[in-house]
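To keep things clear, I will list the structure first and then write my remarks on it.
The values are calculated or read from the model by the stated rules, or taken from the named source; none is laboratory data. Here the structure is a predicted model, which means the values were calculated and not measured. Here Cβ is always computed from backbone atoms with ideal geometry, including for glycine, and neighbour counts include all displayed protein chains.
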Amino acid sequence: MATFASSPGAFANRQFVLLWSGQTVSRLGDGIMSVALPLLVLAITGSASDLGLVVAARLVPTVVFLLLGGAVTDRVSRRLAMLVSDASRAVISVALGVLALDRRLNLTEMLTGAIAFGVFDALFYPASTAMMPEVVASDHLTSSNSLNRFSGTLAGGLLGPVVGGVIASTIGVSWSLVIDAGTFIVSAGCLAVMRPTPRPTPTGASVLSDIRGGLSYCRRTPWLIWSISVAGVANALIFTPSAIMLPLLFKRVLHSPNWMVGVGFAAVGVGGLVGALTMMSTRPPRARVRSMWLAWATGALTTGLFGLSNSAWLATGIAFVTGVLLIIGNILWDSLMQSEVPTDILGRVSSVDWTFSLGLSPVGVALAGVVSGAVGVRPTIVVPGLIVSAVAFAVLAGVRSVTSVDRRPREPEVP
């Protein structure tokens, strides 16, 4: 059994260490901005609706351009694509930070910056997925992805928000933009000193043909299309709306104090850390697809139980378990994508996954807000959790082609 400290496969690899270090610092910046952005928008405009506009202004172009970003990723060096994205987002953050410090930042400029961020996010996401198998041997993908998820959750989900709160309370929230730019610069610097990665073999087709090729590959690959579809619906109906349903359950149903809401969110993050540590310290399962689906389906089921909780502490415990299950499923998904999808189309296939994951989420959040007001908080949490879980278990039990990868002989990964 391997442990975090004895995982030489990742830390002996200079390419991976540089990639991991840069992305960990960048995720710290993301965590800082999760606190700073709402405070900054509210300080400038005082409007909650303006905050929604800024968030949407980043998300919409990301969704719109993801398929294009995947096609571009499969035409250029993935390292170069990530480097351009990080450097561009650093410039945007610096520009917005300077305007904020000079007290000249307004809503229009924030919307423009958010749109630009969204475009470069659409390039970064598929490139980052496709980059990993170019720097990590296939027998170390699971342990390396586990380490990535662990550091991302720790830096972005726990440490970053704390640092963001300290910055906002001391030197001022405007400095968060400048510090966030610094994290992008560190990430870009790590990518710059890495050895160049190979450019994917050109297809000779147009960008639109490449996009269609990625979609076609997903459609004819059962474990991919079923996983992307069911997981996309689960994200839209359960996991993304949890950002508003958790505080609604704690405040309006369980009548908990404000600090308990923070504990509930932290429990999900701590669960994610435990899930990542678990995957780093155990041998990867041979039945990877089945294990991934079991983790996600059970996670959907626990959200239904979360909605039935009669105390805040019970709800917090269930949130912790859900965090563990989701991260385990996500780590297996990352490794499956990177080991099973041909490298030359991994960017396009990853962009399909990101499109489904992000594209349906705003709809799910909006529906959750409307439905919870009409039928109540508990049913809005419980019913989707039970339905999605039942569908996932039914597909896993009844569609054999979903788990065909598990029945194929393969060498086990080294943890």
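Only one residue in G264, G214, G272 is in contact (Cβ under 8 Å) with a residue 60 or more places away in the chain, closer than 28 Å to V25 by Cα, assigned by TED's automatic domain parsing to the domain that holds F306 and in contact with a helix residue (DSSP H, G or I) (Cβ under 6 Å, 6 or more places away or on another chain). Which one?
Details: G264 fails: in contact (Cβ under 8 Å) with a residue 60 or more places away in the chain; G214 fails: closer than 28 Å to V25 by Cα.
Answer to the selection: G272.
Being in contact with a Leu (Cβ under 9 Å, 6 or more places away or on another chain) and part of a helix (DSSP H, G or I) is the requirement here; does S146 meet it? Lay out the reasoning, then the answer.
Values: in contact with a Leu (Cβ under 9 Å, 6 or more places away or on another chain): yes; part of a helix (DSSP H, G or I): yes.
Yes: the conditions hold for S146.
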Point to revise | Residue within region 73-90 that is free of Cβ contacts under 8 Å to residues at least 60 places away in the same chain, surrounded by fewer than 16 Cβ atoms within 10 Å (Cβ to Cβ) and among the polar types (S, T, N, Q) present | key: no
Practice item. Residues being surrounded by fewer than 17 Cβ atoms within 10 Å (Cβ to Cβ) and touching a residue at least 24 places away in the same chain (Cβ under 8 Å): count how many of those fall in region 366-375. Key: 2
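What is the residue count in region 325-345 for residues that are part of a helix (DSSP H, G or I), aliphatic (A, V, I, L, M) and farther than 23 Å from F150 by Cα? Spell out how you get there, then give the answer.
Taking region 325-345 as the starting set, the residues that turn out to be part of a helix (DSSP H, G or I) are 325-340, 343-345.
Remaining after also requiring aliphatic (A, V, I, L, M): 325-328, 331-332, 336-337, 345.
Keeping just the survivors that are farther than 23 Å from F150 by Cα gives 345.
Summing the residues that are part of a helix (DSSP H, G or I), aliphatic (A, V, I, L, M) and farther than 23 Å from F150 by Cα in region 325-345 gives 1.
Could you tell me whether any residue of region 139-152 is over 18 Å from the mean Cα position of the chain (by Cα) and not assigned by TED's automatic domain parsing to the domain that holds S291? Lay out the reasoning, then the answer.
Keep residues of region 139-152 that are over 18 Å from the mean Cα position of the chain (by Cα), which gives 139-140.
If we keep only those that are not assigned by TED's automatic domain parsing to the domain that holds S291 too, we end up with 139-140.
Checked region 139-152: at least one residue is over 18 Å from the mean Cα position of the chain (by Cα) and not assigned by TED's automatic domain parsing to the domain that holds S291.
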Check your understanding: Using beta carbons and a limit of 8 Å, which pairs, at least six apart or on different chains, have the first residue in region 306-317 and polar (S, T, N, Q) and the second one in a helix (DSSP H, G or I) and surrounded by 14 or more Cβ atoms within 10 Å (Cβ to Cβ)?
Key -> S309/L249; S309/A315; S309/I318; T316/M260; T316/V263; T316/G264; T316/A267
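Here's the yes/no breakdown for (1) surrounded by 22 or more Cβ atoms within 10 Å (Cβ to Cβ); (2) of a type in the set (V, I, T); (3) within 27 Å of V64 (Cα to Cα):
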{"position": "S350", "(1), (2), (3)": "yes, no, yes"}
{"position": "P379", "(1), (2), (3)": "no, no, no"}
{"position": "A392", "(1), (2), (3)": "yes, no, no"}
{"position": "V399", "(1), (2), (3)": "no, yes, no"}
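More than 23 Å from the chain's Cα centre (by Cα), in a helix (DSSP H, G or I) and of a type in the set (F, W, Y): which single residue out of F356, F393 fits that description?
Only one candidate qualifies: F393.
Residues in region 352-365 that are polar (S, T, N, Q) and either surrounded by 22 or more Cβ atoms within 10 Å (Cβ to Cβ) or assigned by TED's automatic domain parsing to the domain that holds P126 (or both): how many? Steps first, answer last, please.
Filtering region 352-365 down to residues polar (S, T, N, Q) leaves 355, 357, 361.
Subsequent filtering for residues that are either surrounded by 22 or more Cβ atoms within 10 Å (Cβ to Cβ) or assigned by TED's automatic domain parsing to the domain that holds P126 (or both) retains 355.
Qualifying residue count, region 352-365: 1.
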